[in-house]
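Here the structure comes first, spelled out in structure tokens, and everything after it is commentary.
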Amino acid sequence: MKRRDILIVSVTALVGAAEAQVGGAPVRILVGAPAGGSTDSIARTLAAGMGPLLGRTVIVENRPGAGGNIAADAVAKAAPDGNTLLMSFTSHAINATLYPTLPFDPVKDFTALTLVATSPSILVAHPSVPANNVRELIALAKAKPGQLNFAIGALGSSLHMAGEAFKMQSGVYIVNIPYRGTAPAVQDVLAGQVQLMFAAVGNVQQHIKAGKLKALGVTSVRRLPEFPDLPAIAETLPGYESSAWFGLFGPAHMAPELTRRIADAARQAIGEPAMRKRLESEGAIPVGNAPEQFGPFVQSEIKRWAQVVKYSGARPE
């Protein structure tokens, strides 16, 4: 090579290294769900807020499939340089028991950064169901075992497990009717083809207000501000709680300083009024806790959902 060409190559390499150090390449947040869903929407809102705080471009990349495991596996195997992150959801904990084997460890192969938000669901019924609250539903289900149905948007999902936890704690037998997606499940409950469903607030609140669906209870520990007159299921079944959650992870072995910088940026973004309003409009409750809190939370969720998954007998689709 000529001296001039060697200099050009050397300068190019130096510039590339400098850009990597100051964050010239974009940060990618991988999402194990299709575009347009709650996880994707929350990831994009967070990315927009984190970018200016990190001085980086933050983009969202969808890699749906296997209940979020495809995206999780990619992040688990990524370099721990903060350039590849994961926006995961409750299935991250459920899959630890649901799948006989995983290509990663849901705890050891990740750096927990922050719990972004939680999202309670609502137990809804078609208006023809002769029960107006959880207590009446349990009595009805015990009087007619196997004659009531739950629409399930996706096997192994947090909403599926909400129903399994309900049956386990109440001692009732309600038949699951699986669907490939939340939308067709909601439509069949609206049509009266299936009587019951646990659904995200954003997917059913308009139908409830229009009188097309009957709300029986919320899965959060306390009542929701949007439905102050709707009791929590825990008021009838003490200890019942089943909220979906969305969390930000990085690969394992991230440097402590890098972990803190990214986690702090995410938490600051979550604390912005505009982002909080956006999350709340989707029925989510903003959290933004520290890595030291989020890590143990994930471990406790794996343990909690293991019991419900085993009870359900569910297997991956």
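Structure notes:
- Highest-MSF residue in the chain out of Pro225, Pro34, Pro251 [GNM, Cα springs under 10 Å]: Pro225
- What the Kirkwood sum gives for the chain is a hydrodynamic radius of 20.8 Å, with every pair of different alpha carbons counted.
- The largest-to-smallest principal axis extents of the Cα set in the stretch 86-159 are 48, 28, 18 Å.
- Each peptide in 49-60, 262-273, 110-121 gets a packing score, the mean of other Cβ atoms within 10 Å over its residues, and the list from highest to lowest is 110-121, 262-273, 49-60.
- Seen from every direction in turn and averaged, the convex hull around the alpha carbons of the stretch 116-234 projects onto 7.0 nm².
- Highest mean first, the peptides 160-166, 283-289, 192-198 sorted by other C-beta atoms within 10 Å per residue fall in the order 160-166, 192-198, 283-289.
Here, each number is a calculation from the coordinates, and none is a lab measurement. Note that the coordinates shown come from a computational prediction; the quantities given were computed from them, not determined experimentally. All Cβ positions, glycine included, derive from the backbone under ideal geometry; neighbour counts span all protein chains shown.
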